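For reference, the structure is listed below as structure tokens.
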Amino acid sequence: MSAISRRTLLKGSAVTAACFSLGAGLAARSRAAPSPLLLKAQFIDAKLANDAVTPKLMTYGTVDAAATGMPPVIRMRKGETFAARLLNGLDEPTTIHWHGLRIVNAMDGVPEMTQPYVYPGDSFYYAFTPPDAGTFWYHPHCNTLTQMGHGLTGVIVVEDPADPVFDAEVVINLRDWRLGKDGTFLAPFKPRDAARGGTYGTIRTANWQQEPIYDAPAGGLVRVRLAATDVTRIYTLGTEGAAAMVIALDGNPVVMPFPIDRLDFGPGQRVDLILRMPDMEGTLVRLGNFRGSSPWTIATLRATGPSLKRDLRDVKPLPANSVQEADLSVAERIPLDFTATAEHAPAPGICGTLGYTFWAINKVPWPGDTPDPVAPLSELKLGRSYVLQVRNRTPHAHPIHLHGLSFRIINSNKRTMLPPPTDTILLLPDEQAELGLVADNPGDWLLHCHIIEHQKTGMSGYFRIA
Ligand code: C2O
Ligand code: CU
């Protein structure tokens with residue numbers, strides 16, 4: 001896939017606008033449901049590495065014919081109804097969770113908590129209105145380690161007509177695979193790693209390719225949207241060969257764009273950059289992972305054509321999403337301790353168990369995705385302000401994700417720069433932070449570590465908002 005030029009981008013959004021207008025109006029909807037985007041969860045065989053074919057990758061196809069590659073980048077419009085039909089072409093139950101979208105609880109995709117399981121051959125209709133523009137993503141919430149590990153992670157772009165238009169846009173779905181030399185899947189995790197930082201993949205990809213190269217106009221401003229959809233890996237993002245500004249984190253614009261140096265982001269998180277391409281045609285810009293001792297290339301951008309001579313200083317903050325601010329003077333405090341736990345075997349469930357318990361929230365381990373939930377972490381009153389006092393009592397980082405709501409990191413013993421509102425905090429070892437939120441979305445909302453082995457071995461819970 002090459003970078004989308006401004007013209008194709010505009011053409012692309014015109015097409016999107018046209019098909020949305022078919023079903024967007026309420027009047028039209030009451031006469032006939034809007035034609036939903038088909039997302040058929042299915043198996044495919046494809047090459048990810050070493051010329052070896054990996055059989056039975058999992059992906060979503062938007063047509064009935066066999067899908068050809070990674071799950072599609074789904075484009076939605078802020079404030080406009082989006083509809084999709086999940087058709088389960090797998091041989092096990094599944095659902096779709098729309099990560100980071102603050103939508104109605106019934107569309108959140110958590111089996112038995114917000115919707116029934118979708119069994120093989122069955123469908124489920126999703127329809128909702130995304131309230132925020134930005135970069136988000138989607139994935140199943142059933143047998144999650146296997147289904148995500150085998151491919152079911154896709155990027156969502158929610159557009160806002162007020163968004164500035166840049167010279168190009170590159171969307172990058174960042175993830176690994178646990179494959180043997182023959183291309184077949186290895187066991188999804190190792191228990192001893194699940195009890196530590198998580199089990200890493202053996203093959204690293206961007207958009208299901210190893211170190212892809214994308215063309216972008218020389219001297220142009222390129223919007224790069226990265227989503228960390230891997231089940232384990234935490235990235236330290238940096239650029240080489242071009243200056244770049246961070247304009248949004250986890251879907252929400254930063255108040256003042258700032259130059260990227262090295263930026264940590266973990267499973268579930270997103271980074272939006274504006275990168276200024278070099279003036280000379282053919283010059284390469286590297287997006288790299290600088291975590292650990294040997295940095296490696298995520299993807300490369302190649303300057304093409306005569307220089308557009310843009311200036312990075314012209315990049316203005318994006319229009320903010322309207323996230324309510326917690327009233328700290330009246331907010332109730334809720335302590336949340338993230339710990340290791342005594343090991344024992346959890347009960348099996350339809351959505352898979354890893355057979356171990358290693359982690360807990362407030363001393364209660366729960367694997368999530370089960371028909372038999374534990375009690376909520378806390379019951380919140382609709383419309384009230386809360387402060388979650390999160391505390392990581394482990395030597396590992398945990399990307400803690402909250403469904404259905406955005407929160408703001410108010411303070412932390414480990415950071416000086418506080419990001420915009422988010423749905424996922426990469427809680428650092430021994431970090432203690434306060435997260436402010438307004439409980440403005442009713443329903444049962446999961447809170448879990450997005451290192452899926454941690455989630456599935458106990459680091460999961462939920463809030464009930466009513
Ligand atoms: Cu990406 Cu429970 O979520
Ligand atoms: Cu974790």
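Worth a mention:
- Distance between the modelled labels on Phe43 and Ala466, one decimal in nanometres: 4.2 nm (7 Å Cα→Cβ projection).
- Tensor-based shape of region 80-239 (alpha-carbon gyration tensor, a/c under 1.5 rounded, otherwise prolate or oblate): oblate
- Gap separating the Cα centres of region 410-429 and region 214-234, nearest whole Å: 22
- Gap separating the Cα centres of region 256-278 and region 310-351, nearest whole Å: 19
- Gyration tensor (alpha-carbon) shape descriptor, region 371-466, a/c threshold 1.5: oblate
- The amide H of Leu237, built 1.01 Å from its N in the peptide plane, has Leu263, Asp264, Phe265, Phe290 as neighbours under 5 Å, considering only residues 5 or more places off or on other chains.
- Once the 1.4 Å probe is applied to the protein heavy atoms, the chain comes out at 39 Å² accessible per residue.
- Working from Cα pairs under 8 Å separated by at least six residues, relative contact order for region 128-201 is 26 percent.
- Prolate/oblate/rounded label for region 364-409 (Cα gyration tensor, a/c 1.5): oblate
- Largest-first principal axis extents of the Cα set of the chain (Å): 61, 57, 52
- Glu159 - accessible surface, heavy atoms, 1.4 Å probe, Å² rounded to 10: 30
- Centroid-to-centroid separation of region 144-191 and region 40-55 [C-alpha atoms, Å]: 14
- Highest-first packing order for the peptide set 178-184, 276-282 is 276-282, 178-184, based on the mean count of other beta carbon atoms within 10 Å.
- For the chain, averaging the sequence separation of C-alpha pairs within contact (under 8 Å, six or more residues apart) and dividing by the residue count gives a relative contact order of 14 percent.
- Value of [θ]222 nm, deg cm²/dmol, for the chain, DSSP H segments ≥ 4, -39500 (n - 2.57) each, nearest 500: -2000 deg cm²/dmol
The values are calculated or read from the model by the stated rules, or taken from the named source; none is laboratory data. Not measured: the values here are computed from a predicted model. Note that we place each Cβ from the backbone using ideal geometry, even for glycine, and neighbour counts take in every protein chain shown. Side chains are part of the model used for accessible areas, which takes the heavy atoms of the whole protein and leaves out ligands, DNA and RNA. Shrake-Rupley method; radii C 1.70, N 1.55, O 1.52, S 1.80 Å.
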